[in-house]
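The values are calculated or read from the model by the stated rules, or taken from the named source; none is laboratory data. Remember, predicted model here, so these are calculated numbers, not experimental data. FYI the Cβ positions are ideal-geometry reconstructions off the backbone, even for glycines, and counts take in every protein chain you see. Ligands, DNA and RNA are excluded from the accessible area calculation, which covers all protein heavy atoms including side chains. Shrake-Rupley method; radii C 1.70, N 1.55, O 1.52, S 1.80 Å.
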Amino acid sequence: MTAHGREAASADGGRSAEEERAAEEERAVDQALALVGHKARARHRPPEGPGETPPKPTPSSPVSPPSPVSPPSPSSSAAAADSASAGPESRPEPGLTPSSPARSAPTPGATPPSSPTPVVPPLAAPASAADSASSRPHGASSADRPASSPHAHRTGATAWHAARALAERLGRAAPLTAHRLPLDRALGHVLAEAVVALTDLPSFDTSAMDGWAVAGPGPWTVKEGEGLLAGRGPTEPLPDGQALRIATGARLPAGATAVIRSEHAHCDEARRLLYAGREVVQGQDIRPRGQECRSGDELLPAGTVVTPPVLGLAAAAGYDALVAVPRPRVDVLVLGDELLTAGLPHDGLIRDALGPMLAPWLRALGAEVAEPRRLGDDAGALRQALVSSDADLILTTGGTAAGPVDHVHPVLAEIGADLLVDGVAVRPGHPMLLARLAEGGPCLVGLPGNPLAAVSGLLTLAEPLLRGIAGRPTQDRYRAPVRQEVHGHPHDTRLIPVVHREDSVVPLHYNGPAMLRGIAAADGLAVVPPGGVRSGTEVEILDLPWASASPWTEGCFT
């Protein structure tokens, strides 16, 4: 159906279809989380400091160990084949079983309900040549690899919105720890405890201007002395009818009723009298005690990202350190024998574009990232890297398809990982995956090898997963109209680099799976539904973390 036809149809049944899709995605997320023994997140437990009482622990139910990846029975394979023939909208999500709602509070002493044994997606299903091509690193074509192999994968793909929701809620399912950080080390972390004012702000009445502190009506007799300066202690009360020099931020003497700015007053030195140049209102240019907050007021809730203004507010409120969630730790594993780390491409070798890009991108998302490791096409090295990692998240690049040197799927099966997402209905980036390693181990996001396809996987799975692990608040979705018609994939969501122009977004050229030229100029990606949209249609926008940092020039990108 064309974009025009879809919009006409949506006038009658769009609302119910949208609600049905949202409900289906919610069920898919809840069911997939059953594979990892989903439980509600425990409260933050900050470390004990001198003179502090640790919070009481929150009761929690035991977590059942995850089931390892294993081949399905013949009957389940047949059922998957029947489901696949019914079309993309009716296919069940891979590896799903019923589960309780996410983040539900456990009842102390209650026994967790049992759930059916999960049906795990097969790791040996045939894959299309298109899937294999889009997963091979950095623009390799389908001619480079056979269309299928003994470990070809994926019988159905997870819907894009459902995949993102599952990744975030998987991150939030893990208990958060917390640590106390000095202010100069807290930038970029997420608050594990609310910032509560430790004092009134300001903590005493202060002058908002340089000028004169006066008491009662004028004219005022000028009191002798050097005046009142910031940082000085209490002074003698100011008698009615007198004036005294005062500096900005100085403590107001008792009895003062107003501050007159220097430029609004005239002093007769001979008679030692002060005259106001305009009407004086009681309380003018005085910052009264507690104007900004009172002691005990909540200034910032838990979950707030620590920015420079947050540091300033915390310092003003009396804090020397903040209780924050540690940044998620990420290992990046770059796969592929064909990758160069320097110089020009030659003799079939190409430059690694993902190693230099992923680490700073992940840091912009608030993660601690180790130097990317280049493993080549070595199954043994990949297995060792996975089982020895102590990171919260492992990112791999390439190797998620079914070629003879695409080792991600067989290695995950070998080490008993739970494969939660095996392919997402999105272009580019269809062959991305999400797995959970052994109980207590890290999560793994397998990115396709093509650069823009890898960006798609990063934003679809890694970014929401990291947000959940770090305790960052869920981002509010927003939409913007596209300035021109955008062609879509017949069945899958499409992510298109865009720039903001006034009240709309403009799609960029150079948006193929192996291209970075478009995303390098973009400040966001438009989420284009299957079939595309016509000019003026509102679409969801995914902002890039540095979008406001650098202006964009149109040039030849649009």
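Some observations on this one:
Okay, residues lined up against (1) of a type in the set (D, E); (2) at pLDDT below 90; (3) not in a helix (DSSP H, G or I):
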| position | (1), (2), (3) |
| --- | --- |
| A165 | no, no, no |
| R169 | no, no, no |
| L176 | no, yes, yes |
| G188 | no, yes, yes |
| G216 | no, no, yes |
| A254 | no, no, yes |
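- Scanning the range 380-417 for residues that are within 26 Å of R351 (Cα to Cα) and of a type in the set (A, V, I, L, M) yields A381, L382, A385, L386, L393, I394, L395, A401, A402, V405, V408, V411.
- Comparison of D297, D240, D268 shows that the only residue that is modelled with pLDDT of 90 or more and more than 42 Å from the chain's Cα centre (by Cα) is D240.
A quick yes/no check of all residues on (1) modelled with pLDDT under 90; (2) surrounded by fewer than 24 Cβ atoms within 10 Å (Cβ to Cβ):
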| site | (1), (2) |
| --- | --- |
| L358 | no, yes |
| G376 | yes, yes |
| A381 | no, yes |
| L386 | no, no |
| S389 | no, yes |
| D392 | no, yes |
| A402 | yes, no |
| H409 | no, no |
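- When we screen A316, A342 for residues that are open to solvent by 50 Å² or more (accessible area, probe 1.4 Å), among the small types (G, A, S) and modelled with pLDDT of 90 or more, the only hit is A316.
- Enumeration of residues in the range 218-237 that are part of a loop (DSSP other than H, G, I, E, B) and either of a type in the set (K, R) or open to solvent by less than 20 Å² (accessible area, probe 1.4 Å) (or both): K223, G227, R232
- Qualifying residue in the range 464-479 (condition: among the basic types (K, R), touching a residue at least 12 places away in the same chain (Cβ under 8 Å) and in a helix (DSSP H, G or I)): yes
- Residue selected from the range 277-305 under the condition open to solvent by 80 Å² or more (accessible area, probe 1.4 Å) and not in a loop (DSSP other than H, G, I, E, B), by the criterion nearest to T206 (Cα to Cα): R287
- Search result, residues across the range 256-272 that are assigned to a loop (DSSP other than H, G, I, E, B), open to solvent by 30 Å² or more (accessible area, probe 1.4 Å) and closer than 28 Å to A316 by Cβ: T257
- When the criteria are applied in full, V323 fails the requirement of being aliphatic (A, V, I, L, M), closer than 24 Å to L458 by Cα and surrounded by 14 or more Cβ atoms within 10 Å (Cβ to Cβ).
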